[in-house]
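S.K.: What follows is a structure written as structure tokens; I'll ask about it next.
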Amino acid sequence: MTELMPNLVFADAKGNIMDFEGLAMVGRSGDYFYPMPCEETIELPRGSQLYVLPKRHPVGFDRHTGEMVVLTRNPYDESQQIFAVATFLPAAYTQTYLASWERRSDSSELPFFAYTALGWHDGFVATGIRTDPSLRQDPNTFHHDRIRQGIRAFTELFPDNRLVEHLQHCAMVYECPAALNLFQDREEAPLPASPFCNARCVGCISKQDPCRPPSPQQRIDFIPSPQEIAEVALKHIFSAQNPVVSFGQGCEGEPLLVADTLRDAIRLIRKETSKGVINLNTNASLPEKVAELADAGLDSMRISMNSARRSTYEAYFQPSYDFDALFRSAQEMKRRERFVSINLFVFPGLSDAPKEVEALKRFVSDAKIDMIQWRNLNIDPDHYLDTIGQKLPAGMGIPRLIHEIPVRAGYFNPYLDLGMS
Ligand code: SF4
């Protein structure tokens, strides 16, 4: 067993990342550290980011003593301090273990990314599994010439469209894969519309309190008109193969808070064509608005959740609405035979904890959920566990959890063949 474990990796003060044969790779799940056998790792996927973690020392496994060891000094130069390293996996990959470290008392909260375990075995390896075969956001599918051409085409076609201007910024500044795909006329396109939200997620990526790490994106500060939305959506639906257009993006608040605009936009789109999938990514807080959008022509809905347990959900989402609204929103869609998925924020050690699994299975079954998108929660693990404030028993493991939930598994909103030309 011991020889089939990847080596620990660490970074020196200059940020050079290297491996150390003397200690094996360790994965973290909740508050538990586990030595990582090779078979629990994959070759590091193309498009992964590597992060050096300030004021955090790596934890490794001593293959001889069987003990966990915190490495604080550079084994190749004892005069140097060293730092833990983690990887941020690309889209379509779900993390199964977190990186392992010991925090220094003067450390501050890490930015909003997922910190997955990284090791070395004839190359970098990581603890994750590919949960979606779609190449929709694979890094080598983005061609900047085509994107620039696409931006020119959109701005020439719709010179006064504020949403086009906003999405141009998303593509060129944030390199948002959904915006990049819009300007390449492929796959799923974003339709952000809401500057407001009725939750205050601890890990919100569009708006954060000044005392927290900055949010990776700025929230849209205007409500596009139904015409502006329909222009973007229809151009995409008529240009892309298997087009999906989605409300509810990382650069906005909650789309249901501007539901009237969305309803009118959907009507404008469906007046022109029955092609394409109109999807809503949402916190599902307003069932009556979901019903209205479904009646207008909404095809699918994705509910964002970190948990199907009220206490864990409320600790993270800090909602101004009742948790039961999520279930009632799913019912409104299912009553109209629409497609409903869950965007589950995967956190090893919490998502697969016994009570969480039980609640998730019950929600999926009772709400007749069609699919779970197993996405990584982008947050400092220590801050998240402090926020949740639960003593977690050992989890069953993320791969087994994905296997045990009897619905379609993936990472992206699927193109649904709605049988209409
Ligand atoms: S529901 Fe979305 S926009 Fe609202 S606080 Fe949470 S992450 Fe942010």
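S.K.: How many residues does the stretch 266-285 contain that are crowded, with 22+ Cβ neighbours inside 10 Å and either outside the structural domain of Asn378 (by TED's automatic domain parsing) or within 26 Å of the chain's Cα centre (by Cα) (or both)?
M.R.: The total comes to 10.
S.K.: Another question about this same structure. Can we say Ile220 is in a helix (DSSP H, G or I), of a type in the set (Val, Ile, Thr), touching a helix residue (DSSP H, G or I) at 6+ places or on another chain (Cβ under 9 Å) and at pLDDT 95 or above?
M.R.: The answer is no for Ile220.
S.K.: Could I ask something else about it? Ala294 is checked against (1) open to solvent by 10 Å² or more (accessible area, probe 1.4 Å); (2) not in a loop (DSSP other than H, G, I, E, B) and fails just one. What number does that condition carry?
M.R.: Ala294 satisfies all of (1) open to solvent by 10 Å² or more (accessible area, probe 1.4 Å); (2) not in a loop (DSSP other than H, G, I, E, B) except (1).
S.K.: Related question: Would the stretch 229-246 turn up any residue that is within 20 Å of Ser329 (Cβ to Cβ) and in a loop (DSSP other than H, G, I, E, B)?
M.R.: No, that holds for no residue.
S.K.: For the stretch 188-203, state whether one or more residues are away from the ligand (no atom under 14 Å from the Cβ), open to solvent by 20 Å² or more (accessible area, probe 1.4 Å) and assigned to a loop (DSSP other than H, G, I, E, B).
M.R.: No - not one qualifying residue is present in the stretch 188-203.
S.K.: Could I ask something else about it? Could you go through the stretch 222-233 and let me know if any residue there is more than 22 Å from Val340 (Cα to Cα) and within 15 Å of the ligand (Cβ to nearest atom).
M.R.: yes
S.K.: Which numbered condition in (1) touching a strand residue (DSSP E or B) at 6+ places or on another chain (Cβ under 6 Å); (2) surrounded by fewer than 20 Cβ atoms within 10 Å (Cβ to Cβ) is the only one that Asp31 fails?
M.R.: Answer for Asp31: the failing condition is (1).
S.K.: In the stretch 55-70, is there at least one residue being basic (Lys, Arg), in a loop (DSSP other than H, G, I, E, B) and farther than 14 Å from Val26 by Cβ?
M.R.: Yes, the stretch 55-70 contains at least one residue that is basic (Lys, Arg), in a loop (DSSP other than H, G, I, E, B) and farther than 14 Å from Val26 by Cβ.
S.K.: Looking at the stretch 344-377, which of its residues are part of a loop (DSSP other than H, G, I, E, B) and either of a type in the set (Ser, Thr, Tyr) or open to solvent by less than 40 Å² (accessible area, probe 1.4 Å) (or both)?
M.R.: Phe347, Pro348, Gly349, Leu350, Ser351, Asp352, Ala353, Ala367, Ile369, Leu377 - these are the residues of the stretch 344-377 that are part of a loop (DSSP other than H, G, I, E, B) and either of a type in the set (Ser, Thr, Tyr) or open to solvent by less than 40 Å² (accessible area, probe 1.4 Å) (or both).
S.K.: State the number of residues belonging to the stretch 344-371 that are touching a Gly at 6+ places or on another chain (Cβ under 9 Å) and over 17 Å from Leu416 (Cα atoms).
M.R.: Residues that pass the stated criteria total 11.
S.K.: Continuing with this model, one more query. Taking the stretch 312-334, which residues are away from the ligand (no atom under 16 Å from the Cβ), open to solvent by 10 Å² or more (accessible area, probe 1.4 Å) and in contact (Cβ under 8 Å) with a residue 24 or more places away in the chain?
M.R.: The answer is Phe327, Arg328, Gln331, Glu332, Lys334.
The values are calculated or read from the model by the stated rules, or taken from the named source; none is laboratory data. Source: prediction; values computed, not measured. Here Cβ is always computed from backbone atoms with ideal geometry, including for glycine, and neighbour counts include all displayed protein chains. Remember, those area values only see protein heavy atoms, side chains included, never the ligands or the DNA or RNA. Shrake-Rupley method; radii C 1.70, N 1.55, O 1.52, S 1.80 Å.
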